[in-house]
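Step one of this worksheet: look at the structure below.
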Amino acid sequence: MSLTNPDLKSKFVDYLNEILSAENAAVDRLQTRIQETPLQDAKQRLQQHLQETRGQQGRLEKLITDYDGSPTKSKADLPTLKPPAASMMKDTIKNTVKSVTKGAENPTSEEMEIRNIKEDAIVENAEIIAYKMCSQLAGKMNAQDAISVFQQNTEEEVSMFNWIMTNTPSMLNQLWPKIESSITTSSKQ
């Protein structure tokens with residue numbers, strides 16, 4: 001630890017707690033994803049990444065206490081895919097009418113999985129960016145001990161992101177037949 005200016009040290013702890021809050025939220029999200037995904041390969045990789053994420057939390061908590069801070073228990077709002085508010089209201093009204101007329105189209109679990117896979121990639125990419133920025137800040141603050149932590153955490157996030165990108169075609173191939181079947185079935189009714 002080489003930060004001697006108390007104001008810089010406090011600011012650095014704020015940055016560390018910010019990314020820790022993202023990892024705290026990521027643990028919850030990963031636990032939910034593990035329970036919900038119908039894809040066994042994804043379930044296994046998500047379980048592995050959950051363990052990595054817990055390690056990332058531990059490394060961040062240690063840095064925070066090393067810099068005389070208190071690790072946060074807060075959980076950040078992670079990036080999600082949300083349609084624009086006006087479009088969402090229009091769709092809500094349309095879906096309410098469909099529901100009343102028994103014509104509601106609810107997304108299948110496979111369609112939800114596709115959305116979740118996209119969100120997985122978005123979250124991992126956001127974490128990669130956050131760790132790279134923290135690494136740059138650590139360099140500017142001469143906090144060399146933190147840089148190796150950020151590099152290890154970044155490598156784990158990059159590995160997960162790359163796994164998602166590499167395996168997306170396979171996951172889509174597994175999900176698409178059920179989506180196609182549900183579309184074909186509902187169009188015949």
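Arrange the following residues from fewest to most other Cβ atoms within 10 Å of their Cβ: Thr4, Thr37.
Thr4, Thr37
Restricting the trypsin sites (Lys or Arg not before Pro) of region 1-84 to loop positions (DSSP other than H, G, I, E, B) with no more than 10 neighbouring Cβ atoms within 10 Å leaves Lys73.
As a rough footprinting exposure proxy, the listed residues Thr53, Thr80, Thr185 were ranked by other beta carbons within 10 Å of their own, and the order from fewest upward is Thr185, Thr80, Thr53.
The numbers here are math on the coordinates, done by the rules we state, and not lab data. This one's a predicted model, so the numbers in the text were calculated from it and none came from an experiment. Neighbour counts run over all protein chains shown; Cβ positions are idealised from the backbone, glycine included.
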